[in-house]
Every structure is written in structure tokens, then in C-alpha cells.
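Visitor: Below is the structure I would like to discuss, written out as C-alpha cells.
The values are calculated or read from the model by the stated rules, or taken from the named source; none is laboratory data. Keep in mind it's a predicted model, so treat the numbers as computed, not measured. FYI the Cβ positions are ideal-geometry reconstructions off the backbone, even for glycines, and counts take in every protein chain you see.
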Amino acid sequence: MSDTTETKQVLPDGWEMVIGLEVHVELATKTKLFCGCANHFGDEPNTNICPTCLGLPGSLPVPNEQAIHFAMVLGRALGCSVEPGIFARKNYFYPDMPKDYQTTQYEEPTNEHGAITLPDGRVIAIERAHIEEDTGKSTHLGGGGRIHDATATLVDYNRAGVPLVEVVSGPEMRTADEARAYVAELRDILLATGVSDARMEEGSMRVDANVSVRPTGSDELRTRCEIKNINSLRSLGRAINYEARRHVDLWTNNDQPTQETRHWDEEGGRTTSGRSKEDAEDYRYFACPDLPPLVPTAETIADIDSSMPALPAARRAALAEAAGVAEADTLLAIERGLDGLACETIAAGGDATAVMKHVDQNLAEGQGKLTSASFAALVSMEADGALSSTQVKTVLAELVANGGDPAAIAASMGFEAMDTGELDGLLDQLIADNPDEWGRFLEGDNKVQGFFVGQIMKATQGKADGKVVNQLMRQRAQD
Amino acid sequence: MSGEISRDEVAHVASLARLSITDDELTTFTDQLCVVLETAAQLNALDLDDVEPMAQPYPLANVLRVDEIVPSLDRDEVLAQAPAAEDGRFRVPPALGEAP
Ligand SMILES: [Zn+2]
């Protein structure tokens, strides 16, 4: 992660953060959780609605088997035990749910007791990952978008009933960076399993952070606040640090935070008070009489386990082993989905350092038509000095775009290997034409080195390898 | 669990359910609910340790449908039945506070 939040101390000495995250994940199904309306982001408002997701009398929900399958796949990927699940009604009155209840899992969630292992090896417990339906989208009119001054609310029910899994961590994270690493890891697991497209900015992955503080080393859990409206990993880190500092300020001024929901204000860089929890907590959950239990068979779970794709933690370990690097140096390759290619290329004889360099620096757009065989061949040509680093980049881009044989591509682009003899001749000529510059080089003025390399590049139309020219010049100086 | 429920609790549940009830109704419903809860409480006297909790009375599980899109309702027809609509959306009185 680029902008770290931990370069400077966030809280005064003697205080630590207690962070738990609730991540809502929209499942990548074709239809909603309980009806056949399309689950599709960005459609015209209220075009994906039916009697079931509008809560009209006489309608009956029937769970989507793909959604249930995805939820169980995610559960297993998170190391959860997948248990019989029961849908419950969470009763509340708000226009985003036309039924006046949200169907969710309460006492008997499908997934319980898992964990996420972060790249640095820390293990964060997952308490549960339950299935529920998403709510509609409300727009508040008037009052400059502020809820409290609104004159009316407009509601779009396209999102109402979209399948979600809510992944609830234990209160086990201690820094904003750790929370961001957790969310990044969960996102990579979602992408690896194909359970969700996990786009924070489109809301298909939404993170609420429960934040409190306590004296370092204590095991107490003090009053927490739940922060909503976090739209990126960067906001997550900023919001957590702001909120934790606010709590420390309160505690150190003989005051204390109120348990409440707070909103992250990205522009203002602060959290603001939202709904107070006290009056809203009484949801009167009860088992939904319309929905029979979900009872996974041992066979279902065995099938899910046997077709589980390689997960990020295992992929990091495999690439670190193959390339002989630390797991922390494999993150970019994993994020780009290039770890398989890298492992195969190294197995095919490609130099590990060169392979990892190209994966991190020159393959941001992904693998394209590049194969491990052509990648390994290209890396070998580079190691033999047959191509300059600029030429390697050009050939690599061509392999990604159209595939092919690197030697043939290099030849067709006129990238014939400059043999050292040819360069020697050119260098002799340059030295003869520019005796002053050569004299300065011999006296140790390294700046003129660039002049000679530049002249040779010009004469060879970029075909020469700058590193080889440098070597030749240094050899000459020693002779 | 005791079979009793207080007037205050009934009033609280009524307000959560957005039901406005008179004092007389509060008395009537409290008496009626006490009877219901006392009847339910008789179950607690039984030894049910070996009985599986039952979420619902039907002997069904895993009733699922395939993930296939079916046509949705016509938006104009639906919105025409709403008390108010605007911009293809349902228009409702201003929501007080945040969604839960
Ligand atoms: Zn629907």
C-alpha cells in the first residue's frame, strides 16, 4: 500500500486502538437473493423490481442457489465452519426496505469461526459471515443533501434484495494499516474465488469500522463507535486514525465517547455523529416463516473444498518460495494475478530476479498473450546481453499484446544483437573524435560517461545496451 | 421466561411497530398478551433437552431456485400506484435519521 498511515505516531504513548470491521460484500449473481430480478449495478432506477423485492402482499421469497453457493464458498475460503443457516427478520421502519424488515441471518448464520491471515503473518479472527439482502438506495432532497434538513426522500429499489454476505471480524486489529491490510486481503480472496467483484467505489464491498481505544496492553473493551460511509482503503485508514484520536481526547479530558454510528466526511477529514444506537437497537428478530433452513450436506462442503482455487496466502507463499523473496515482495504480483505466470517462468528457467522485476515494473496491464515459455526465453536473451533493457520492454509489450516468439519479434524489430566488436569500433571512433571529453573521463569525471553512451545510442539507433557500453569504457580506462 | 408482560413493555412494542393504541386498548392487549405468554411459558416446564429447536413447522430444507433472470415489473405501472413518485423513484416523506 502506497500511503502508509504509520510513518508517524497516531496516538499518544500509552494508548492503543481496538478495531473490528464489518464488511458487506455484494455477491456476483445474475439475480437477487429471493427473486429473479436482475442484480445489476447502474441500471435506471426501479427497473429491477417485482412483488417479492417490493414486499407486496402474497409474494414469497425463494433463495437463489448461486448466492447460497457463493456464500458457502466464501465461508470455506475464510476457514469458517459452514453450518445449517436460518433466515430471520430484522424489523425496522425505514423507506429503504419496503417490507419493513430485512431478511438476514441472526442466531444461526451459515458461516462461523474463520480467520484471515495477513501478509505479515498476523491472524485476524472472523466471527461470522452471514447471508442477508441489501437495502434500496435513498436520495434525500433539499437541505443540501443533509438527512436532517431533507424535504423528501426518493427511493430506488433496484438494490433491495441484492445478495450480501456480511463478514464480521473480531475486535482484533490494532492499527489503521492492519485494518487496510485485512480489507485488501479479503478483497483478494473475493476476487480469487469469484464470489464478488469487490469494488469499494461502486459499493459492492462496503466497510464499516468499529473503533475504540484503551490503555496499551489492557484487555478491556471500551465504548466503540461504528463509522460508516467509507469508500476506499485510504478513507478507511484516515477515518480510523481520526476516530481513535477523538476517543483518546475524550478519555484524557475526563469525558467519554457515546456509543453511536458516525459518518466519515471525506472532505472535512472527520467523523460526524449519526443515529444514536439506543433507540434503534430493538430489531425484534425472529425466524422468517417463509424460508426453510439452509442445510449444507457433507458432500456439498467437500465439493466446495475440492474446487477451491488457490487463495492469496497460499499463492504468496508459493511465489516467495519459487522466487526466493519475502512474501511482502509478492503482493503486486498477486494483485495483478501474475503469480502463476511468474512461478511457471521461473520453473522454465527464467532468472527469478528479472522475472519479478518485469512483473512489478512492466506488466501493470496483466499477462495478455504472454506465455511462461516466451517470458523465460526473453529473460534469457536479456541476461545474455542480446537485447538492451529498452528493447526488452518493447518486445515484452509486443508479447503481451500479440504473443509470439521473442527472438523472432526482436529480429523483426531490427533488434539484432550488437556484438562487442562493433561497439568497440564505434567507441574507438568516438574517442578519436572527442579527445577532450575522453580525457575528462579518464580523470574521473563520470558526467561525460553519459555523453559517450548517448552518442553510441544515437549511432546504433538505440540498439546498443547502455550497460555494455559502460563496461567497455571502464575496461578501456583501466587498460 | 415469565408469562407476564407489563403495560410499559406492550406500549414499547406498539411504538416499535408504529401502532398507535389507546389506554383502554393497552389494558386489553396487556391482559391478552399475558394469557398468551403464560400459555407459552408452560412449555418451559417440560424437559426439552433432547428436542431439536425447530425454526419452522414444515419438514423442508434447501428450497432453492436457479439463478436466472425473470422479467421485472413495468416501472411506470408500479410508480402509478405509489402515493408519490419523482425521477423514476418512489417519493416519501423525509426520512428521519439514518438507515439502521
Ligand atoms: Zn424482485
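Visitor: Can you tell me which residues in the range A:55-81 are over 26 Å from A:M200 (Cβ atoms) and either out of contact with any Phe, Trp or Tyr (no Cβ under 7 Å at 6 or more places or on another chain) or more than 7 Å from chain B (Cβ to nearest Cβ) (or both)? Walk me through it before giving the result.
Guide: Applying the first criterion (over 26 Å from A:M200 (Cβ atoms)) to the range A:55-81 yields A:55-63, A:65, A:81.
Hits for the range A:55-81 are A:G55, A:L56, A:P57, A:G58, A:S59, A:L60, A:P61, A:E65, A:S81.
Visitor: Of the residues B:L48, B:L37, B:L79, B:L19, which single one is more than 10 Å from chain A (Cβ to nearest Cβ) and over 21 Å from the mean Cα position of the chain (by Cα)? Give the steps one after another, and end with the answer.
Guide: Details: B:L37 fails: over 21 Å from the mean Cα position of the chain (by Cα); B:L79 fails: more than 10 Å from chain A (Cβ to nearest Cβ); B:L19 fails: over 21 Å from the mean Cα position of the chain (by Cα).
Exactly one of B:L48, B:L37, B:L79, B:L19 is more than 10 Å from chain A (Cβ to nearest Cβ) and over 21 Å from the mean Cα position of the chain (by Cα), namely B:L48.
Visitor: A:K99 - would you say it is more than 9 Å from chain B (Cβ to nearest Cβ), modelled with pLDDT under 95 and either within 16 Å of the ligand (Cβ to nearest atom) or surrounded by 21 or more Cβ atoms within 10 Å (Cβ to Cβ) (or both)?
Guide: Numbers: more than 9 Å from chain B (Cβ to nearest Cβ): yes; modelled with pLDDT under 95: yes; either within 16 Å of the ligand (Cβ to nearest atom) or surrounded by 21 or more Cβ atoms within 10 Å (Cβ to Cβ) (or both): yes.
So A:K99 passes the test.
Visitor: Residues that are modelled with pLDDT under 90: list the helices (runs of 4 or more DSSP H) wholly contained in the range B:1-84 that include at least 1 such residues.
Guide: Values: elements: B:7-16, B:23-41, B:75-80.
Qualifying helices (runs of 4 or more DSSP H): B:7-16, B:23-41.
Visitor: Another one. Picking from A:N91, A:N111, which residue would you name as being in contact with a helix residue (DSSP H, G or I) (Cβ under 9 Å, 6 or more places away or on another chain) and either modelled with pLDDT under 95 or within 8 Å of chain B (Cβ to nearest Cβ) (or both)? Walk me through it before giving the result.
Guide: Working: A:N111 fails: either modelled with pLDDT under 95 or within 8 Å of chain B (Cβ to nearest Cβ) (or both).
When all the criteria are applied, what remains is A:N91.
Visitor: Please report, ordered by residue number, the helices (runs of 4 or more DSSP H) entirely within the range A:312-383 with at least 3 residues that are among the β-branched types (V, I, T). Break it down stepwise before answering.
Guide: On the way: elements: A:312-323, A:331-335, A:339-347, A:352-361, A:372-383.
Correct list: A:352-361.
Visitor: Looking at the range A:334-383, which of its residues are among the charged types (D, E, K, R) and touching a residue at least 12 places away in the same chain (Cβ under 8 Å)? Steps first, answer last, please.
Guide: Just the residues of the range A:334-383 that are among the charged types (D, E, K, R), to begin with: A:335-336, A:339, A:344, A:351, A:357, A:360, A:365, A:369, A:382.
Selection gives A:E335, A:R336, A:D339, A:E344, A:D351, A:D360, A:E365, A:K369, A:E382.
Visitor: Follow-up question, since we're still on this one. Here is a list: A:F70, A:F41, A:F87. Which entry is touching a residue at least 12 places away in the same chain (Cβ under 8 Å) and within 16 Å of the ligand (Cβ to nearest atom)? Steps first, answer last, please.
Guide: Working: A:F70 fails: within 16 Å of the ligand (Cβ to nearest atom); A:F87 fails: within 16 Å of the ligand (Cβ to nearest atom).
When all the criteria are applied, what remains is A:F41.
Visitor: Based on what the data block shows, is A:D120 at pLDDT below 95 and within 11 Å of another protein chain (Cβ to nearest Cβ)? Step through it out loud before you land on a result.
Guide: Values: at pLDDT below 95: yes; within 11 Å of another protein chain (Cβ to nearest Cβ): no.
So A:D120 fails the test.
Visitor: If you don't mind, another one. Cβ-Cβ distance below 8 Å, separation of 6 or more or different chains: which pairs start in the range A:456-479 with a residue that is in contact (Cβ under 8 Å) with a residue 24 or more places away in the chain and end on one that is of a type in the set (G, A, S) and part of a helix (DSSP H, G or I)?
Guide: As it stands, the answer is A:D465/A:S389; A:G466/A:S389; A:K467/A:S389, since those pairs meet every condition given.
Visitor: If you go through the range A:208-245 one residue at a time, how many are farther than 29 Å from A:K137 by Cβ and either outside any helix (DSSP H, G or I) or more than 27 Å from the chain's Cα centre (by Cα) (or both)?
Guide: Within the range A:208-245, residues that are farther than 29 Å from A:K137 by Cβ and either outside any helix (DSSP H, G or I) or more than 27 Å from the chain's Cα centre (by Cα) (or both) number 12.
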